[in-house]
Amino acid sequence: MEGTIFGLTEAQLAQWGTTVGVGAFMAYMVFIVAQLAWESKAGRFGTFVLFLALGFGLIGFVAKFVIQWVLER
């Protein structure tokens, strides 16, 4: 299959890499924020604020895929 990488076109590979790569990066960010909250002894409210800030980014990323899915149907 000419013009493919691992049986995927360049566009398919880029979409897969973006989805999985950014998703994995976001999971790693959750770990980093949890570690930061633990080491700084942020308490419940401080931990909540840290995860709230991160949560807005996560919600935006998920909303992008939901909106794309709805528009493509």
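What's the center-to-center distance, using Cα atoms, between region 7-41 and region 50-66 in Å?
When both Cα centres are located, 12 Å separates them.
Using θ = phi - 60° and the Karplus curve 6.51 cos²θ - 1.76 cosθ + 1.60, what whole-Hz ³J(HN,Hα) does each residue of region 40-47 get, with Gly and Pro shown as x?
Listing the rounded values in order: 8, 6, 5, x, 5, 5, x, 5 Hz.
When the dipole is taken about the Cα centre of the chain, and only Lys, Arg (+1) and Asp, Glu (-1) are charged at their Cβ, what size is it in debye, to the nearest 20?
Charge dipole of the chain: 420 debye, to the nearest 20.
Under the Karplus relation 6.51 cos²θ - 1.76 cosθ + 1.60, θ = phi - 60°, what is the ordered set of whole-Hz ³J(HN,Hα) values for region 10-22, x standing for Gly and Pro?
4, 5, 5, 5, 5, 5, 4, x, 5, 5, 6, x, 5
Which one of Leu36, Phe61, Val22 has its Cα pushed farthest toward the positive end of the charge dipole of the chain, where Lys and Arg give +1 and Asp and Glu give -1 at the Cβ?
Most positive-ward Cα: Leu36.
Using a ≥ b ≥ c from the Cα gyration tensor of the chain (square roots of the eigenvalues), is it rounded, prolate or oblate, where a/c under 1.5 gives rounded and otherwise the larger of a/b and b/c decides, a/b for prolate?
Because a/c hits 1.5 or more and a/b fails to exceed b/c, the chain counts as oblate.
Work out, step by step, the length gained on full extension between Phe45 and Met29: first 0.36 nm times the residue separation, then minus their alpha carbon distance; give nm to one decimal.
3.9 nm
No value in this document is a laboratory result; all are computed from the given coordinates. Keep in mind that this is a model prediction, so the values were computed, not measured. As a convention, Cβ positions derive from the backbone with ideal geometry for all residues, glycine included, and neighbour counts pool all protein chains shown.
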